[in-house]
Every structure is written in C-alpha cells, then in structure tokens.
1. Within the range 277-388, considering only helices (runs of 4 or more DSSP H) that don't extend past its boundaries, which have at least 3 residues that are more than 16 Å from the ligand (Cβ to nearest atom)?
2. For the subset of the range 94-128 comprising residues that are outside any loop (DSSP other than H, G, I, E, B) and within 14 Å of the ligand (Cβ to nearest atom), which member is surrounded by the fewest Cβ atoms within 10 Å (Cβ to Cβ)?
3. What number of residues within the range 175-213 satisfy the criterion of being without any contact (Cβ under 8 Å) to a residue 24 or more places away in the chain and closer than 14 Å to N151 by Cβ?
4. Just to verify a result, which residue in the range 55-70, among those that are over 15 Å from the mean Cα position of the chain (by Cα) and in a loop (DSSP other than H, G, I, E, B), is surrounded by the most Cβ atoms within 10 Å (Cβ to Cβ)?
5. Restricting to the range 145-198, and then to whatever is farther than 21 Å from F388 by Cβ and aromatic (F, W, Y), can you tell me which residue is farthest from the ligand (Cβ to nearest atom)?
6. If only one of E177, E183, E215 is among the acidic types (D, E) and closer than 30 Å to K356 by Cβ, which one is it?
7. So which pairs qualify, if the first residue must be in the range 214-230 and in contact (Cβ under 8 Å) with a residue 24 or more places away in the chain and crowded, with 22+ Cβ neighbours inside 10 Å, the second must be of a type in the set (G, A, S) and in a helix (DSSP H, G or I), the Cβ gap must be under 7 Å, and the two must be at least 6 apart or on different chains?
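The values are calculated or read from the model by the stated rules, or taken from the named source; none is laboratory data. Everything numeric in this text was worked out from a predicted model, so none of it was measured. Every residue, glycine among them, receives a Cβ derived from its backbone with ideal geometry; neighbour counts consider all protein chains shown.
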Amino acid sequence: MTHDDATNRYDDIRDGVRALCAQFPDEYHRRIDTARAYPDEFVKALTEAGWLAAMIPQDFGGSGLGLAEASVIMEEINRSGGNAGACHGQMYNMSTLLRHGSEAQKREYLPKIARGELRLQSMGVTEPTTGTDTTNIRTVAVKKGDHYVVNGQKVWISRIQHSDLMILLARTTPIDEVRKKSEGMSIFIVDLRQALKSGLTIRPIANMVNHETNELFFDDMEIPAENLIGEEGKGFRYILDGLNAERVLIAAECIGDGYWFVDRARRYAGDRIVFGRPIGQNQGVQFPIAEAYIEVEAANLMRWKACKLFDAGQPCGAEANMAKYLAAKASWEAANVCLQSHGGFGFAAEYDIERKFRETRLYQVAPISTNLILSYVAEHVLGLPRSF
Ligand SMILES: Cc1cc2nc3c(=O)[nH]c(=O)nc-3n(C[C@H](O)[C@H](O)[C@H](O)COP(=O)(O)OP(=O)(O)OC[C@H]3O[C@@H](n4cnc5c(N)ncnc54)[C@H](O)[C@@H]3O)c2cc1C
C-alpha cells in the first residue's frame, strides 16, 4: 500500500473501492433515493468485498487497517456518487468496540461482523428532550442481578432496521450522585433481535434525505450484564473516542462529496454553451468553482492530520472536530456552486445534484452541529469561558 504524505493516495484502496462503486452507477443511487429504499445490494457488495471490515484486526478476520484507510473507503463511496451514510456506522462503531471492548466481546462479535453475519451499524446517543446536551440524557440502565434494565427514549437513531447490533449510551448512576456530569454513563452492545422481543419499539422518522433513522422507546428492555463495554460509568469518554473517528470519517465523506460537486460543476461549465461560449469561460462562473475546489483541498489537509493522530493513538479531538467543520462547510459550498452552475438543470433529479445537495447538507447538523464544534474549539483549544 502506498501512503504518500503529499497526496495521501492510497491508490490500491481507491482503485478497489472505485471498481466496486462503478457497478452501482448514478441510476442505482437515484432509484434507491426515489424509492426511499436502503441500498441493500451496494452495502452487501461492500461487506462481501471486506471493505466494511477494514478496521477489524486480522486476528479477528478483518484487514487490520487504520482510520486513514477507512476514511479513504468512505470518501470514495461519496466521490463515486453514492452515500456512505447508509453504512458508515459500522466503521466508527467498530473503533469503539476495538478500543474499549473486552477480549471476549471482540471474539464474540468481530469475526461475525468481518464475515458479514452480523452488522454493527447503529449507535444510540441522541435523545428528544436533551439534544446536544448529552450528559443530561434520561435513558437509564439499572443493574438487576446478571442484567441491566433500560428505560427511556432515543431519537434520530440511524440504520437500526439494517443492523443486528447497536451501541447504546445510558445513564447508570443518577446525575446528582456523580462528581462530574460526564461520569455515570455507560455503553452497551445491544442485540437488536433480542431487544425487539423485550421492550424495544422502533418508529421510523421520515426526513429530507433518504436516510433510515428512527425514534426508539425502551420499556424495561433487558441487556445481559456482559454486554457492558469497558467499565461502568466511563461510557461518555468511550463514546467521545468513537465520535472522533466518526467525525473524521464524515469529514472524508464530505471531501468525497466536495470533489464530486466540483467535478460535476467543472464538466458542466465546460460543456454548456450560452451566449455562444461555455458558461465556464465567465469568471462569474469559474471563480466559485475554483474557490470550492480550494476549500475542499484545504479541508482535506486537516482530515489527514486528524487521521494521523487518531491512528497513532494520540488525542485528536480538536483536529477531528476541525476536519469535520471544514469538510462539511467545503462540501456544502461546493454543492451550492454546483447547483448554481447547472442553472435549472441542477434541480432535475436525473442530474443527481439535488440528491447529493440534500445528502451533504446533513453534515452541518449531524453527527455534531457546526455551533458545537465552534464552542469546542473556543473552549478547549482557545481557553475561552465555557458557554454552557
Ligand atoms: C438524519 C440524522 C441522522 C442521525 N443519526 C444519529 C444516530 O445514528 N445516532 C445518534 O445518536 N444521533 C443521530 N442523529 C442526531 C444528531 O447527532 C443530532 O441531531 C445533532 O447532534 C443535533 O442535536 P439536536 O438535533 O438535538 O439539536 P439541538 O441540540 O436541539 O440543537 C438545535 C440547534 O441549536 C444549536 N445549539 C444548541 N445548543 C447550543 C449552544 N449551547 N450554543 C450554540 N448553539 C447551540 C445546535 O447547534 C443546533 O443547530 C442524527 C440526526 C439526523 C438529522
């Protein structure tokens, strides 16, 4: 494998993922979007080719690759016109299980995930009443003998109908009994097939993007005690580790989107003749495309910095957040420019721009909103007073 610092090429991974994605052209993704369906065949093909097991160590049947390589896989999916949002959960959830799961849990789940027998696509953190204020979550898990009993509610939990397992964050010690509000929460592996028989109810949420996401209701749902990941009470810290991986992967997807939009805009602006010349000959059209390209390239540098730190096991909260911020901003600006460059045709579904436009817009809000990144940097990097 090549890793050239100047270009971060990872050519063999790119070639492999591109070849697979080429079997799923624009028409495929458009059809799935129109039908509000799940891209089953595409995700199956990625799983069978081993791409979604990239981060699983070789001892457990995966390829033992790092976050940098995983991010290239996600980038290429979006760059090909697809949407990695249908399957990226497995990558970042994997890093939580890898870093904090017990040997027994890894032996139990990882080989099956690597073989495609189990899917770990879901993570349940967000709640309707607390939103971004995660430490105030109200879902509780109370230990009773050899199991925990869970009660509460989650919202916006994605891919649950296409997953077998979910990583769940719940409070195990009441907030008024802990020193810091970030303590006293724990994470669990929930076997969704069991959970659906014992107290879990799922209600799908119709939304702007073709993204399978749901409300969850827990009514005395039981989880075996051995499904606790790591130590009880330390779940918030573990989730934050996983969130750094998630932010970097989303950044890579936005980079993929950004290149896709720039490429489509560039091609159309070169071909479309109005007033007897290509529209791209007008600086009013070409400058925004050039600017969008510059922004994507710049965001990409922060993405590689974050990958490098994460893979070296070093703190990367600031870089992961900044990469996600820059990349989501760049892809959204590129989306706008691409739409504008296409004039009316940008709105036609058959050009795929309005679909990708909707898809990339999500990343200003999820998995962390832009304001929260700004407040993280203000407080933790610049030392400004905490605002909430
Ligand atoms: C399609 C989709 C899929 C998702 N998938 C998942 C998933 O799989 N698992 C999961 O756990 N969650 C998921 N989420 C939830 C997502 O992480 C949250 O929507 C996001 O973190 C924002 O939380 P919220 O919607 O509650 O907004 P709120 O917290 O209610 O915030 C609303 C707005 O106010 C701003 N705001 C809030 N507080 C402050 C403040 N102190 N200072 C400045 N601005 C502030 C926010 O930035 C935001 O713009 C998903 C969301 C969507 C839309």
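1. On the way: elements: 283-311, 317-341, 353-361, 370-376.
By residue number, 283-311, 317-341.
2. Filtering the range 94-128 down to residues outside any loop (DSSP other than H, G, I, E, B) leaves 94-100, 103-114, 122-124.
If we keep only those that are within 14 Å of the ligand (Cβ to nearest atom) as well, we get 96, 122-124.
Details: T96: 25, S122: 27, M123: 27, G124: 27.
Residue satisfying both the conditions and the ranking: T96.
3. Result for the range 175-213: 2.
4. My answer is I56.
5. Looking at residues that are farther than 21 Å from F388 by Cβ and aromatic (F, W, Y), I get Y148.
6. Details: E177 fails: closer than 30 Å to K356 by Cβ; E183 fails: closer than 30 Å to K356 by Cβ.
Exactly one residue qualifies, and that residue is E215.
7. Short answer, once both residue conditions are applied: M221/A195.
Residues checked against (1) of a type in the set (A, V, I, L, M, F, W, C); (2) under 22 Å from L52 (Cβ atoms); (3) at pLDDT below 95:
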{"residue": "C87", "(1), (2), (3)": "yes, yes, no"}
{"residue": "R119", "(1), (2), (3)": "no, yes, no"}
{"residue": "T139", "(1), (2), (3)": "no, no, no"}
{"residue": "S158", "(1), (2), (3)": "no, yes, no"}
{"residue": "L169", "(1), (2), (3)": "yes, no, no"}
{"residue": "V178", "(1), (2), (3)": "yes, no, no"}
